[in-house]
1. Before we move on, is I8 assigned to a loop (DSSP other than H, G, I, E, B) and surrounded by 13 or more Cβ atoms within 10 Å (Cβ to Cβ)?
2. Quick check on my filter: what residues within the stretch 80-97 are part of a helix (DSSP H, G or I) and open to solvent by 80 Å² or more (accessible area, probe 1.4 Å)?
3. Mind checking which pairs have a first residue in the stretch 10-30 that is at negative phi and in contact (Cβ under 8 Å) with a residue 12 or more places away in the chain and a second that is acidic (D, E) and surrounded by fewer than 13 Cβ atoms within 10 Å (Cβ to Cβ), Cβ under 9 Å, 6 or more apart or different chains?
4. Has the stretch 48-69 got at least one residue that is modelled with pLDDT under 90, surrounded by fewer than 16 Cβ atoms within 10 Å (Cβ to Cβ) and either touching a Lys or Arg at 6+ places or on another chain (Cβ under 7 Å) or on the phi > 0 side of the Ramachandran plot (or both)?
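The values are calculated or read from the model by the stated rules, or taken from the named source; none is laboratory data. Please read these numbers as outputs of a predicted model, since none were measured by experiment. For neighbour counting, all protein chains shown are included, and Cβ atoms are generated from backbone atoms with ideal geometry for every residue, glycine included. With ligands, DNA and RNA removed, areas are computed over all heavy atoms of the protein, side chains included. Shrake-Rupley method; radii C 1.70, N 1.55, O 1.52, S 1.80 Å.
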Amino acid sequence: MENFGVRIRELRKERGITSYEMAERLGISRNTLTNWERGEKEPHAIEILVEMAKVLQVPLENLLAGKNSDGIENNPVIRSLNDRVTRLEQVCRKFFK
């Protein structure tokens, strides 16, 4: 299975984007990006993931699932994001009935 951090680094390098430039475009520190690329941490803000997909010129789903043969629905990052969206929808339904 392809590692998310490795995928970020490979896509960034394929597009000729330095780590400094990528971090600046995402509004994060270079150390944060390095931690992501090493697989030590993962981004958790959907806004960062959306912007990262734009910068790397790939659909968000492909960025998250990559070449994983298990598919998008089995990707742990996507499952976590889907869980967050479901909880947010539940909270919104309570307030906007």
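1. Details: assigned to a loop (DSSP other than H, G, I, E, B): no; surrounded by 13 or more Cβ atoms within 10 Å (Cβ to Cβ): yes.
Spelling it out, it is not the case that I8 is assigned to a loop (DSSP other than H, G, I, E, B) and surrounded by 13 or more Cβ atoms within 10 Å (Cβ to Cβ).
2. Just the residues of the stretch 80-97 that are part of a helix (DSSP H, G or I), to begin with: 80-95.
Within the stretch 80-97, N82, D83, R84, R87, L88, E89, Q90, R93, K94, F95 qualify.
3. none
4. no
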